[in-house]
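The values are calculated or read from the model by the stated rules, or taken from the named source; none is laboratory data. No experiment lies behind these values; they were computed from the predicted model shown. Note that each Cβ is placed from the backbone with ideal geometry, even for glycine, and that neighbours are counted across all protein chains shown. In case anyone asks, the SASA skips ligands and DNA or RNA and just uses the protein heavy atoms, side chains included. Shrake-Rupley method; radii C 1.70, N 1.55, O 1.52, S 1.80 Å.
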Amino acid sequence: MKNNIRVERAILRISQQELADAIGVSRQTIYAIENGKFIPSTELALKMSAYFGKTVNEIFSLD
Amino acid sequence: MNTKKKLFLLPYRFQSIGWIVVGVGVLAFITYFFLKLENRLAVTYPLYASLAIYIGLFLVGFSREKREDEFTLHLRTNSALTAMLVIFAIRIVLGIVLVILQAKGVFRKDGIVENLFDENTSFSSVFILYLILYKVRLARYNKEIKDEE
């Protein structure tokens, strides 16, 4: 699964730590998701999409 | 995600306590070889030392991380499954090899195959390997994050 969290972070100019704090996870989690090493749960994907103000499909997509 | 609802774990502070208890146990084991203990104490001292190590490892393995979330839960379950598969695969392969060696008369020792499948030994090995895998994986991610900075 691909994602553009890094791009979305860059647009908002926020660090991995800031995103992690905002959605209540660790920085390792954000790092692992960004690098495709971990696929988040639906709950976390929804939290991220709400944070970026986009739909889940705009952030995550199938390879 | 709040893993508090999904997995019971001890508070984070128990992790440091666990490492201290492990340290005390290991130290007790080392001193055992230098102390000339007699009678009952010679038997009970190493038992207390190993009990301390077990309690310490339990505290380390089942305490929350600073921020416990679904990724740490994923690492925990993945490590536990890998540990279980590895230990049982090793035991099965060794068991087959020992049975063949015993059948051919190369190796003779009664009960060695049975001891290999001893439940207590299997459980401890699975738990210790789980702990090693989990902590190594977590440390690797922490290192990768630092390298990225």
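Structural remarks
- FRET efficiency for A:Thr55 and B:Glu148, using Cβ-Cβ distance with R0 set to 35 Å, rounded to 0.05: 0.80
- Theoretical ellipticity at 222 nm over chain B - DSSP helices of four or more residues, -39500 (n - 2.57) apiece, nearest 500: -27000 deg cm²/dmol
- Acute angle (nearest 10 degrees) that the helix B:70-103 long axis makes with the longest principal axis of chain B, alpha-carbon atoms: 10
- Accessible surface of the protein assembly as shown, 1.4 Å probe: 65 percent of it comes from carbon and sulfur atoms.
- Candidates B:Ile30, B:Ile128, B:Ile55: whichever shows maximal mean-square fluctuation once chain B is modelled as a Gaussian network with Cα springs under 10 Å: B:Ile30
- Across B:Lys66/B:Lys135; A:Lys47/B:Lys135; A:Lys54/B:Lys146, pairs whose alpha-carbon gap is larger than 25 Å: A:Lys47/B:Lys135; A:Lys54/B:Lys146
- Computed helical MRE - 222 nm, chain A, DSSP H runs ≥ 4 contributing -39500 (n - 2.57), nearest 500: -16500 deg cm²/dmol
- Cα long-axis angle, helix B:13-34 against chain B (0 to 90 degrees, to the nearest 10): 30
- Tilt relative to chain B, helix B:39-61 - C-alpha long axis, 0 to 90 degrees, to 10: 40
- Inter-chain neighbour count for B:68-75: the average number of beta-carbon atoms from partner chains within 10 Å of each residue's beta-carbon is 6.
- Chain B: relative contact order as a whole-number percent, Cα under 8 Å and 6+ apart: 27
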